[in-house]
Amino acid sequence: MSKHLQNDVDQLHRRLMALFGIVEQMADKSVRALCENRVELAQEVIDTDPQVNQTEVEIEEDCLKILALHQPVAADLRRVSTVLKINSDLERIADLACNIAERARCMHQHAYFPIPDQLTPMVRQSTLMVQMALDSFVSSDVELAKKVIQLDQSVDDFNLAVINELTELMQQNNQYVEPALHCFSASRHVERIADHAENIAEDVIYLVDGDIVRHRHEDAEIGAKGASSLED
């Protein structure tokens, strides 16, 4: 790798890490706004989104400049292409965090509504996946990335449990219909955040090993054992 390419890639890495930190905070604040009924946190999330959008565009432009000017190959090309994909996933996580924040503001008007018990562990698992995906990228840790992928199923299970509980609540009381729909939407957004964390983990595996494991997790030997140890 030439010195100029190394400098550009290092700068690209630093900008992506800064974006990671901002998006991680947005996701955390949005779910806290929802679960703790804190409208001020919801507004903070929404106010941060334009910054994320601008940074996402700038990182993409930097990637395209590197590809055009340096024409990287092999590992260098994998790194730039991986940054492009992770950058997009981070922007989507930020958008989902804003959606959750919007739902939290709506839920604030229905303080009487009982939040489903399974939503809190679902949120905890989803935010953990984002943190682990970040850590796996920073340390190029394939095994940690595989654990992120395995954890996605538990988030899907939590989401199904939340939907079932919300359905029962709406059947019990007509007044619960509107807040339940907001809560249903928020739960779906949390589940989608976990999906994007999974995408980032898949990109880490590609970056380190050069393997595309998307849609074929069993080939990556991603077993349940790693996930169960995290839940103990």
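Whole Å is fine, so just give me how far the alpha carbon centre of region 75-101 lies from that of region 22-60. First find each Cα centre; the distance between them is then 14 Å. Ordering LEU5, CYS106, LEU84 by the projection of their Cα atoms onto the charge dipole of the chain, which places +1 on the Cβ of Lys and Arg and -1 on the Cβ of Asp and Glu, puts LEU5 at the extreme positive end. For ALA180, what charge total do you get from the other residues with a beta carbon under 11 Å from its beta carbon, if Lys and Arg give +1 and Asp and Glu give -1? Net charge around ALA180: -3.
Principal-axis analysis of the Cα atoms of the chain puts helix 142-172 at an angle of about 20° to the longest axis.
The residue list LEU166, PHE20, LEU64 was ranked by how far each Cα lies along the charge dipole of the chain toward its positive end, using unit charges on Cβ atoms, and LEU64 comes out on top.
Using the Cα centre of region 3-231 as the reference point, and only Cβ charges (+1 on K/R, -1 on D/E), how large is the resulting charge dipole? Debye, rounded to the nearest 20.
180 debye
Structure note, pairs LYS29/LYS65; LYS3/LYS29; LYS29/LYS146: Cα-Cα distances above 29 angstrom occur for LYS29/LYS65; LYS3/LYS29. Radius of gyration over Kirkwood radius for region 49-108, both on Cα atoms: the Rg/Rh ratio is 1.19.
Highest GNM mean-square fluctuation among ALA197, ALA104, ALA74, for the chain modelled with Cα contacts below 10 Å: ALA74.
In this calculation the C-beta distance from ASP47 to ASP156 is compared with R0 = 35 Å, giving a FRET efficiency of 0.70.
Only the coordinates and a few stated rules stand behind these numbers; no lab work does. Because the structure is a prediction, the values reported are computed rather than measured. When we count neighbours, we look across all protein chains shown, and the Cβ atoms used for this are built from the backbone with ideal geometry, even at glycine.
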